[in-house]
Ligand code: NAD
């Protein structure tokens, strides 16, 4: 059996069309154009590419965006002051602080300064707590994107065994909470997990976000598993791969997301979704 290759680019395109329609409707009916502000500090080349992609995606979706760049030696106080100004700006509905921040700055302090109503990345403690209770305002974009992919593919997680490999605050943990909310039976694995295969072999759905090429090989999954590969790794030859041995695993899985072209396009898409939702809420429409 060869797996269905899930086309994240096509799903993102169709979800973005809906987001664009919502932005247009809001503009027409209330005069409000959704606005996103992105704060970036330092010259991490990957961060610059991510920010550029987000700005371009905003333009396509009818969202105003502004990028506020700081040098790498910016102080925590300056960053927090910039966040404060954006909190007070009625034209800005979403604030995103591009991570990583320079090491002398506390990510937690800066993220906590973002107004909860504008926390479109979903990293503020309030939104994280909301995830635990099942009523978060803004789901974090990458796991939200995975959830949308599963919905789009008609894959119901209720009662399924789902194994999440990776337990970071931005992907693995919120992913596990969102799946639990949908009544999946969730196992969470991480770098200290003793026998990874013990958990991956149980999975009806396997979500992998560890940042290790070829971590998941065919012997580790059952035939018919749905495999969602969140990992993005650059190999020495410059190519991008996920965490899953795609060629091997696709012969055994029921469905699989490729890298690139799987989860990646959905992450930015859900940022747009959260930004339009924030603007709708600010205009009293949601
Ligand atoms: P992270 O480094 O913060 O966390 C990695 C997690 O994986 C940790 O919990 C760690 O314990 C676990 N892990 C590491 N090695 C493991 C192993 N051998 N076995 C089991 N677990 C292991 O990374 P992150 O920010 O969560 O990102 C994970 C991957 O997802 C990276 O490749 C990153 O580039 C990618 N990513 C992709 C998107 C996207 O839009 N597609 C978004 C965010 C992150």
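The values are calculated or read from the model by the stated rules, or taken from the named source; none is laboratory data. Since this is a predicted model, take the numbers as computed values, not measurements. Neighbour counts run over all protein chains shown; Cβ positions are idealised from the backbone, glycine included.
Condition check ((1) in contact with a helix residue (DSSP H, G or I) (Cβ under 6 Å, 6 or more places away or on another chain); (2) away from the ligand (no atom under 12 Å from the Cβ); (3) farther than 17 Å from residue 257 by Cα) across all residues:
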residue: 193; (1), (2), (3): no, no, yes
residue: 201; (1), (2), (3): no, yes, yes
residue: 205; (1), (2), (3): no, yes, no
residue: 212; (1), (2), (3): no, no, no
residue: 219; (1), (2), (3): no, yes, yes
residue: 223; (1), (2), (3): no, yes, no
residue: 228; (1), (2), (3): yes, no, no
residue: 233; (1), (2), (3): no, no, no
residue: 237; (1), (2), (3): no, yes, yes
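Can you confirm whether the range 131-143 contains a residue that is buried (at least 16 other Cβ atoms within 10 Å of the Cβ), more than 10 Å from the ligand (Cβ to nearest atom), assigned to a loop (DSSP other than H, G, I, E, B) and at pLDDT below 95?
yes
For the range 239-256, give me each residue that is within 16 Å of the ligand (Cβ to nearest atom) and touching a residue at least 12 places away in the same chain (Cβ under 8 Å).
240, 241, 242, 243, 244, 245, 246, 249, 256
Taking the criterion of being within 28 Å of residue 13 (Cα to Cα) and in a loop (DSSP other than H, G, I, E, B), would at least one residue in the range 195-203 satisfy it?
For the range 195-203, residues within 28 Å of residue 13 (Cα to Cα) and in a loop (DSSP other than H, G, I, E, B): absent.
Condition check ((1) within 30 Å of residue 259 (Cα to Cα); (2) under 17 Å from the mean Cα position of the chain (by Cα)) across all residues:
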position: 17; (1), (2): yes, no
position: 28; (1), (2): no, no
position: 42; (1), (2): yes, no
position: 49; (1), (2): yes, yes
position: 52; (1), (2): yes, yes
position: 58; (1), (2): yes, yes
position: 62; (1), (2): yes, no
position: 76; (1), (2): no, no
position: 91; (1), (2): no, no
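Go through the residues of the range 98-109 one by one and say whether even a single one is without any contact (Cβ under 8 Å) to a residue 40 or more places away in the chain, part of a helix (DSSP H, G or I) and farther than 17 Å from residue 174 by Cα.
Yes, the range 98-109 contains at least one residue that is without any contact (Cβ under 8 Å) to a residue 40 or more places away in the chain, part of a helix (DSSP H, G or I) and farther than 17 Å from residue 174 by Cα.
Would you pick out the residues in the range 60-97 that are surrounded by fewer than 17 Cβ atoms within 10 Å (Cβ to Cβ) and part of a loop (DSSP other than H, G, I, E, B)?
Selection gives 71, 72, 73, 75, 88, 89, 90, 91.
Just one of 149, 155 is away from the ligand (no atom under 15 Å from the Cβ) and modelled with pLDDT of 95 or more; which is it?
Selected residue: 155, the only one of 149, 155 that is away from the ligand (no atom under 15 Å from the Cβ) and modelled with pLDDT of 95 or more.
Could you identify the single residue in 186, 259, 276 that is part of a helix (DSSP H, G or I) and in contact (Cβ under 8 Å) with a residue 24 or more places away in the chain?
276
For the structure I just gave you, tell me whether residue 170 is in contact with a strand residue (DSSP E or B) (Cβ under 8 Å, 6 or more places away or on another chain), under 28 Å from residue 132 (Cα atoms) and surrounded by fewer than 22 Cβ atoms within 10 Å (Cβ to Cβ).
No.
Out of the range 30-45, which residues are in a helix (DSSP H, G or I) and within 25 Å of residue 88 (Cβ to Cβ)?
Scanning the range 30-45 gives a single hit, 30.
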